[in-house]
Amino acid sequence: MNNSINGEPHRPGRIEVICGSMFSGKTEELIRRLRRAKFARQKVEIFKPAIDVRYSEEDVVSHDQNHIPSTPLDSSASILLLSSDIDVVGIDEAQFFDMGLVDVCNELANRGVRVIIAGLDMDFKGIPFGPMPALCAIADDVTKVHAICVKCGNLAYVSHRLVDNDRRVLLGETQEYEPLCRECYQKVIEAEKANK
């Protein structure tokens, strides 16, 4: 924290987005940044969508089972109510929040809060997901992380859904999704179309 010209504390707000496919380490990176902020004695608050209960109803948990306490919410507007006097706000699985999250993050950053967001940039069809594209556009920093394609070993591009279900939101793990590079994804989609 720096001091402004008149000597009052000044916190430079910013928005950091961590995006990529499933199994790329987004939540792991979010937890790492939040733990560093706590180590620096900053006031940290972490939020996640209430629908994400895969590993825990309350904690943010990575695929590697690293976890950090969080507050599950149904609406992005609640983040503003619960973030007064906070230095750093972490948000996991941002793609599941409503579009109001974009304004919430902007308001927090404008107040001097460091906002760190993790989420899927695309759904299982390769379509930009929820508020993530707009969050990437307004972010001060975007980190795109990659899983490894399970077919060829190249960097993954998308989370391919393995189960026959067209719902956009379907919570799952390795039984439901696999990371694929662009080329392998196209081959799989063509094969699926041929088999229908």
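The values are calculated or read from the model by the stated rules, or taken from the named source; none is laboratory data. Quantities reported herein were computed from a predicted structural model and do not represent experimental measurements. Neighbour counts run over all protein chains shown; Cβ positions are idealised from the backbone, glycine included. Remember, those area values only see protein heavy atoms, side chains included, never the ligands or the DNA or RNA. Shrake-Rupley method; radii C 1.70, N 1.55, O 1.52, S 1.80 Å.
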Subject >> Sole exception among (1) closer than 22 Å to SER159 by Cβ; (2) open to solvent by 10 Å² or more (accessible area, probe 1.4 Å); (3) at pLDDT 90 or above for ILE18, by number >> reply: (2)
Subject >> Failed item, numbered, when VAL53 is tested on (1) at pLDDT 90 or above; (2) over 19 Å from ASP121 (Cα atoms); (3) of a type in the set (Val, Ile, Thr) >> reply: (1)
**OP:** Would you mention how many residues in region 101-126 are under 13 Å from the mean Cα position of the chain (by Cα), within 21 Å of ILE31 (Cβ to Cβ) and of a type in the set (A, V, I, L, M)?
**Re:** 6
Original post:
Any idea which of ASP103, ASP85, ASP98 is open to solvent by 40 Å² or more (accessible area, probe 1.4 Å) and in a helix (DSSP H, G or I)?
Top reply: ASP103
Original post:
In this structure, does GLY7 turn out to be open to solvent by 20 Å² or more (accessible area, probe 1.4 Å), at pLDDT 95 or above and more than 16 Å from the chain's Cα centre (by Cα)?
Top reply: no
**OP:** Find all pairs meeting these conditions: Cβ atoms under 8 angstrom apart; at least six residues apart or on different chains; first residue within region 76-95 and farther than 22 Å from ASP121 by Cα; second residue of a type in the set (Ser, Thr, Tyr).
**Re:** LEU82/THR71
Subject >> Residue list for region 124-160, filter: outside any loop (DSSP other than H, G, I, E, B) and either acidic (Asp, Glu) or without any contact (Cβ under 8 Å) to a residue 24 or more places away in the chain (or both) >> reply: PRO128, PRO133, ALA137, ASP141
Original post:
Looking only at region 69-82, which residues are open to solvent by 30 Å² or more (accessible area, probe 1.4 Å), in a loop (DSSP other than H, G, I, E, B) and under 22 Å from GLN42 (Cα atoms)?
Top reply: PRO69, LEU82
**OP:** Looking for whichever is of a type in the set (Ser, Thr, Tyr) and at pLDDT 95 or above here; the options are THR143, THR174. Which one fits?
**Re:** THR143
Original post:
Restricting to region 56-68, what's the tally of residues that are out of contact with any His (no Cβ under 8 Å at 6 or more places or on another chain), open to solvent by less than 50 Å² (accessible area, probe 1.4 Å) and either modelled with pLDDT of 90 or more or in a loop (DSSP other than H, G, I, E, B) (or both)?
Top reply: 1
Original post:
Limited to region 127-163, what total is found for residues that are within 16 Å of the chain's Cα centre (by Cα), over 12 Å from SER24 (Cα atoms) and of a type outside the set (Asp, Glu)?
Top reply: 14
